[in-house]
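The values are calculated or read from the model by the stated rules, or taken from the named source; none is laboratory data. Since the structure is predicted, the reported quantities are computational estimates derived from the model, not experimental observations. Every residue, glycine among them, receives a Cβ derived from its backbone with ideal geometry; neighbour counts consider all protein chains shown. What goes into the accessible areas is simple: the full protein's heavy atoms, side chains included, and nothing from ligands, DNA or RNA. Shrake-Rupley method; radii C 1.70, N 1.55, O 1.52, S 1.80 Å.
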Amino acid sequence: MDLIARSPQQIGNALRRFRTERSLRQADLGAMARLQQATVSKLEGGNPEARLQTLADVLAALDLELVIRPRTKADPADIEDLF
């Protein structure tokens, strides 16, 4: 599932959705990413102190939007063949 995000809040909502789909708590994700639970909470809340605001501003300036999706499982050699 692809999600389009145009603001820090939307980015945080997308992260939260992917986390909860995997039945992970914020603390679980924090441990996996070597972050504190509070940092995960800030990211999901779209808190500008989490530096999401800078990302959103740059994307807006470039007229882009961020799509968050699971990484491809293709073999690197298969991807190279596309080019």
The chain, helix-only ellipticity at 222 nm - DSSP H runs n ≥ 4, -39,500 (n - 2.57), divided by all residues, nearest 500:
-16000 deg cm²/dmol
Net charge near Arg51, counting Lys/Arg +1 and Asp/Glu -1 over other residues with Cβ under 15 Å of its Cβ?
-2
Test item: Cα-centred dipole of segment 1-46, Lys/Arg +1 and Asp/Glu -1 on Cβ, debye
80
Using a probe of 1.4 angstrom, how much of the accessible area of the chain is carbon and sulfur, in percent?
52
Test item: Cα-centred dipole of the chain, Lys/Arg +1 and Asp/Glu -1 on Cβ, debye
540
Evaluate E = 1/(1 + (r/R0)^6) for Thr20 and Arg69, where r is the Cβ-Cβ distance and R0 equals 22 Å; express this FRET efficiency to the nearest 0.05.
0.90
So what is the accessible area of the chain per residue, in Å², with the probe set to 1.4 Å?
76
Would you work out the relative contact order for the chain, in percent, from Cα pairs under 8 angstrom that are 6 or more residues apart?
39
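Taking K and R as +1 and D and E as -1, what net charge do the other residues with C-beta under 14 Å from the C-beta of Asp63 add up to?
Net charge around Asp63: -1.
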Just want the answer: with Cβ charges of +1 for Lys and Arg and -1 for Asp and Glu, which residue in Gly12, Leu24, Leu64 is farthest toward the dipole's positive end in the chain?
Leu24
At a 10 angstrom cut-off on C-beta neighbours, averaged per residue, how do the peptides 3-11, 38-46 rank from highest to lowest?
38-46, 3-11
